[in-house]
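Working notes for the structure below.
The values are calculated or read from the model by the stated rules, or taken from the named source; none is laboratory data. Given the structure is predicted, the values throughout are model-derived calculations rather than measurements. FYI the Cβ positions are ideal-geometry reconstructions off the backbone, even for glycines, and counts take in every protein chain you see. These area figures cover heavy atoms from the full protein model, side chains too; ligands, DNA and RNA do not enter into them. Shrake-Rupley method; radii C 1.70, N 1.55, O 1.52, S 1.80 Å.
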Amino acid sequence: MNHSSKVNTKTNLVELHELEDLDLHTTTVDGKRFYVDTSGEMYPSVTTVTSLLSADQIKLWRKRVGEETANRISNAAARRGTAFHYKVEDYLRREKEYVEFDNIIQEGMFKAIKPILDESVAPIALEAPLVSKELKLAGRVDCVGLWENKLAIIDFKTSTKYKEEYMAKPWYLQMTAYAIMVEELTGHAIEECVALVALENGISQLFITEPSQHVEELYELRLRYRNLYGV
């Protein structure tokens, strides 16, 4: 899916499949991730901002289990999620004859979501960097594509445990931010946000919402982050 990025000079909009080619790079300042555009302007990452929702719970958890254990669990989860995303991306791009797995758990997690990928997901842009000058946010979306023929933000998640609906709130806000970015960049409105979760026990979960339901809360959270950190 490599394309030369072309901007409509009349509207400054890009095509959906050209989102992968946006020129953004990342940097870390004081432990917080930022995206930097070609003009040098820095944008907080979506995940950094949405992490405010669970910051207090994470602090309590780290205190309860200890820093060493917390770091080990967090790092393992991050590695698991990153590796799994690569496998899903490889499969959706159809550029490899087959997908190789690192272990039997990872293979079982992929098999749990493969029927859904086959039946419901038609990718347009994968691992695309996105930015919003209105929100002053940036991030990298797993997939912009069709979900059962509706234009959607589709995120692929991994988890060791079953997720309750309330646990999906940070995902909803994250995907809503991506939806706003896509519409700002392309002019195409996102109809749905879909989180597809692969669990280590070999089952999957789906969390589906409409971005319009979360816009107000997202803007409130963005303002809270700006008030806390000045960016």
Rounded, prolate or oblate (a/c below 1.5 giving rounded, otherwise prolate when a/b exceeds b/c) for the stretch 147-231 by Cα gyration tensor
oblate
What are the residues whose amide H is under 5 Å from the amide H of D155, where those residues sit 5 or more places off or on another chain and H is modelled from the backbone?
V194, A195, L196
Where Lys and Arg each count +1 and Asp and Glu each count -1, what net charge lies around I153 among other residues with Cβ under 10 Å from its Cβ?
-4
Carbon/sulfur accessible area of the stretch 123-231, % of total, 1.4 Å probe, equals 48
Per residue, how large is the accessible surface of the stretch 85-187? Use a 1.4 angstrom probe and give square angstrom.
47
